Amino acid sequence: MRSPLFKTRITEMLGIRHPILCGGMGPGLSDATYVAAVVNAGGMGFIVAAGFPDPEEFREQLRKCRQLTFGKRFGVNLYISGQAKAAGRLQEQVKILAEEDVLCVETSGASPEGILPALRDAGIKVLHKVPAVRYARSAERLGVDAVIVVGNDCGGHPGTYGISSMVQAPHASKEISIPLVIGGGMGTGRQLAATLMMGADAVLMGSRMLVSEELWIHRRYKDLLVESDGTDSVVVKTGLRQHHRVLNNESAKAVAALDATGTSDFERYRPHVMGALTTQAYLTGDSSLGMLDYGPSVVFADAVQPVEAIFDEVLDDARQAMLRFEGLCRQA
Ligand SMILES: Cc1cc2nc3c(=O)[nH]c(=O)nc-3n(C[C@H](O)[C@H](O)[C@H](O)COP(=O)(O)O)c2cc1C
């Protein structure tokens, strides 16, 4: 494992070697095996709770991860739906996290306000993920431990404002006092170095990691990612105001066509956005159908590699970037 290059508020807070977080990837992609690989490489990963709806299976994943990390603690991604009927499930998940001594959560979706007291009582750090600085400000006021701000280039849900990571990073670092993570389009060490220079404490990567050997998704899909130049990433579901950055496959094209009609009738979208299509694509490697979260940072994935090799590449690149920068600076 590489020796640390950077010490930031996030590396200190989470006790990790490198300021690299790997965002939770559903459905069930971020499982015990993948998250343990990220933690063992010196970063922080998050098991996606929604990927394991059965509480005992979820608990098993947490225990397996703890074994695979040789006792090191790790994170869980919690989706906050904001719907009253989901509150019970969320409380149950938080209870399991406390019992299993989980270190931190990456929360996304609605405000984490309802579960903050329980998480705080259990000593679990809360990193709330948002698509705009205005929400990061609210999260800071609520008392979360850190915020993750993602730009429009992120795979998954970039929000509706379309602001790039290049703008989010310097804006958020001016506005936010708590530790700050920036995601969206990240996949190289030069971006890591630049993001830290813009005032952040860590980067968050998702799409770049899809070629990790430790992920169970089909090899054929990983090969597609290796070949991609990132231009096959598209934002759809704009008609429903649920902007979603995905692979531009047949389902995405059908959804874009619906968006263009101006409809907001979910029943017309349903056949194209069903979760079963997504799981089927990852299992079989036939990526023609399903909403497959996918950002342009796949362009940085040149090979299917173990997580640790991806980290090595990113850290080597960060070092090179810093040396280059030093060479550019005029001596005072
Ligand atoms: C395949 C995939 C699945 C994802 N699933 C989730 C999820 O279930 N929950 C979540 O909060 N974010 C999810 N994300 C978003 C990531 O956690 C992360 O915020 C994003 O990938 C960062 O941007 P990047 O893809 O440009 O690196 C997903 C991203 C990808 C690529």
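The values are calculated or read from the model by the stated rules, or taken from the named source; none is laboratory data. Predicted model, so just to flag it, every value in this text is computed and none were measured. Neighbour counts run over all protein chains shown; Cβ positions are idealised from the backbone, glycine included.
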Margin query: Among the residues of the stretch 242-256, what is the count of those that are within 16 Å of the ligand (Cβ to nearest atom) and over 16 Å from H157 (Cβ atoms)?
Written below: 3
Next item on the list: Quickly run through the stretch 105-145 and pick out the residues that are among the hydroxyl-bearing types (S, T, Y) and within 16 Å of the ligand (Cβ to nearest atom).
Entry: T107, S108, S111, Y135
Item checked: Enumeration of residues in the stretch 6-27 that are within 12 Å of the ligand (Cβ to nearest atom) and within 16 Å of V105 (Cα to Cα) -> I20, L21, C22, G23, G24, M25, G26
Note to self: Against the conditions (1) of a type outside the set (F, W, Y); (2) surrounded by fewer than 14 Cβ atoms within 10 Å (Cβ to Cβ); (3) modelled with pLDDT under 95, where does R141 fall short? Just the number, please.
What the structure shows: (3)
Margin query: So, in the stretch 257-287, how many residues would count as being surrounded by fewer than 19 Cβ atoms within 10 Å (Cβ to Cβ), of a type in the set (S, T, Y) and away from the ligand (no atom under 14 Å from the Cβ)?
Written below: 4
Next item on the list: Report the residue count in the stretch 242-264 for those that are at pLDDT 95 or above, over 19 Å from M25 (Cα atoms) and out of contact with any Ser or Thr (no Cβ under 6 Å at 6 or more places or on another chain).
Entry: 9
Next item on the list: Can you tell me which residue among G239, G290 is of a type in the set (G, A, S), farther than 24 Å from D31 by Cα and either in a loop (DSSP other than H, G, I, E, B) or within 16 Å of the ligand (Cβ to nearest atom) (or both)?
Entry: G239
Note to self: Of all residues being surrounded by 19 or more Cβ atoms within 10 Å (Cβ to Cβ) and not hydrophobic (A, V, I, L, M, F, W, C) in the stretch 41-69, which is farthest from the ligand (Cβ to nearest atom)? Just the residue, please.
What the structure shows: R66
Check: Can you name the residue in the stretch 147-168 that is surrounded by 24 or more Cβ atoms within 10 Å (Cβ to Cβ) and of a type in the set (A, V, I, L, M, F, W, C) and is also farthest from the chain's Cα centre (by Cα) among such residues?
Finding: V147
Notebook entry, point to check: Which members of the stretch 293-332 meet the condition of being of a type in the set (D, E), more than 19 Å from the chain's Cα centre (by Cα) and not in a helix (DSSP H, G or I)?
Noted result: D302
Next item on the list: Kindly indicate whether G24 is within 25 Å of D201 (Cβ to Cβ), surrounded by 24 or more Cβ atoms within 10 Å (Cβ to Cβ) and touching a residue at least 12 places away in the same chain (Cβ under 8 Å).
Entry: yes
Margin query: Looking at the structure I just gave you, is A86 free of Cβ contacts under 8 Å to residues at least 12 places away in the same chain and either surrounded by fewer than 24 Cβ atoms within 10 Å (Cβ to Cβ) or within 16 Å of C104 (Cα to Cα) (or both)?
Written below: yes
